[in-house]
Amino acid sequence: MLLEPLTDALILVHNRINNFERDFANNESQTRLSLVDPVLKALGWNPQDPTIVRVEYPVRQRNRSAQAKVDYALLDSMQTPLAFVEAKSLKTDLGSAQDQLFEYAVGKSVPYAIATNGADWTVFKKENKETGVSIDVLLKVSIPDRSPTLAAIKLLSLWRGLLTSQSSIDRIALALNELEAHPLEPATASILNTQTATEDRRRPTPKRASPNPSMNKTKGVHSVETFTLSNQPNVQGRKPTRLMLPSGSSKQIGSWKSLLEEIVTWLYDTNQLTVDIPWPPNRTRKILQNTKILQKDGTEYKQQIPIKPGLFLLLHLGAVEICKSTAQLLADCGIDSSEVNVTLAPLEQ
C-alpha cells in the first residue's frame, strides 16, 4: 500500500526533528540527507537513482548567463525535469527557496517546484499568464503539525505515478485544499478520525522514541505525540516541542512555561484577554496581575515576566498546573481549549 511506506517515513522524520532539531537547524546537507531524502524515496523519487532524480542539477537563472544548481530535479521517463526541489536547513523560512525556484523554473520549462526545510513542504506550479510567468501555491504540508496519516495523504499528490500525470496532481491538490478549507461533516470526520488514529498506532517508531501509551487516548486526527488542552494526558516528565494556536499559527517551544507565556501573549495581542485582573486559576494562586506578584511573606516571585507594562505573569508552576491553568484561562476568555494543540518530545528509552 502506497500510504504505509510514506507514513513510516513521516514518523521517522518527525522523530528525527524532535531528537536532533539543533543539528538540522544550521546544516542544510544533514537536513537533506535525514529529512528530505526519506520522504522523496517513499514517494517513489529515490535520490540515489539517477534515472529518476538528479541532485545538484544545473540550470540557468532568468536573465542571467551564469548557471546555478537546483538541489533535486525529478525526471520523467524521457529524462526531462518535471519538478525542481529546493531544500533548506530546518527552521529556514521558505521564502528564499521560493525566490530561487522562481528563477530556476522560469529559466527552464519545468511545470512544478517544491520548497522544503524538512518539516514544511510547499508545492508550486508555474503558470503562464498575460502579465508574465507566475508561480502559484498548489499545496502546503507541515509534518510536525499533522498526524502522519493526514500528512501522507496530502503528500501523496507528489507520488511519482501522479506527478508524471500533471492534470492528476492539479486536481488532487485542489481537492485536498478544498477539504482542508471545508472540514468534513461530524459523522464522516468521526469515521476518518478513527481510521487515522488506528493507522498512527500501527506505525513503527525509531528506537530512540518511545511514545507514552497515554498519548493513544488522544482524540481527533493528531499524532500519538500530540494532544489538545481539553484532553490532557499525563504530561509529568514530558517536554513540549510545538504549540498550535487556534489561529492556525505554529510555534516551537521548549518548556511548559513558554507554553503558558505564548498563550497569554497571543490572547493579549489579539485582544482576547477578557478576564478580570488579577486572574485566579485556583483558590490559592493568582498568576495574572497588574502588579508584580508577591509571595505570602511579601517578597516577589522570581519566576514572573511582564507580558506588557502593568501585566505580570507568574511562571512558578509545574507542567500539570500549567496545562490546567492554560485551559482554564482559555475557557474564561471564551475560547475552546480543544483548538490548542501541543506536541511532545518522544520519551527516551
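Each value in this text was obtained by applying a stated rule to the coordinates, not by laboratory testing. All of these numbers come straight from a predicted model, not from anything done at the bench.
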From Cα pairs below 8 angstrom and at least 6 apart in sequence, can you work out the relative contact order of segment 210-344, rounded to a whole percent? 33 percent
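Using 0.36 nm per residue of separation minus the Cα-Cα distance, give me the extension gain between Ser230 and Lys324 in nm, one decimal.
That pair, Ser230 and Lys324, stretches by 32.9 nm at full extension.
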Using 0.36 nm per residue of separation minus the Cα-Cα distance, give me the extension gain between Asp76 and Gln98 in nm, one decimal. 5.7 nm
Residues with amide H under 5 Å of Gly118's amide H, sequence separation 5 or more or different chain, H placed in the peptide plane at 1.01 Å from N; which? Lys88
Search the structure for amide H atoms under 5 Å from the amide H of Val70, placed 1.01 Å from N in the peptide plane, and list their residues when 5 or more places away or on another chain. Tyr57, Val59
For Asn27, other-chain or 5+-apart residues with amide H closer than 5 Å (H placed, Pro excluded) are Leu90
Exceeding 28 Å between C-alpha atoms, which entries from my cross-link table qualify? They are Lys88/Lys239; Lys91/Lys126; Lys88/Lys154; Lys69/Lys251; Lys88/Lys324; Lys154/Lys257. Lys69/Lys251; Lys88/Lys324; Lys154/Lys257
Viscosity 1.306 mPa s, 10 °C: Kirkwood-radius Stokes-Einstein D of segment 263-348 over Cα pairs, µm²/s: 114 µm²/s
How much length is gained on full extension from Thr270 to Ser142, taking 0.36 nm per residue of separation minus their Cα-Cα distance? 43.7 nm
List, in order, the whole-Hz ³J(HN,Hα) value for each residue of segment 257-263 obtained from phi through the Karplus relation with A = 6.51, B = -1.76, C = 1.60 and θ = phi - 60°; use x for Gly and Pro. 5, 5, 4, 4, 4, 5, 5
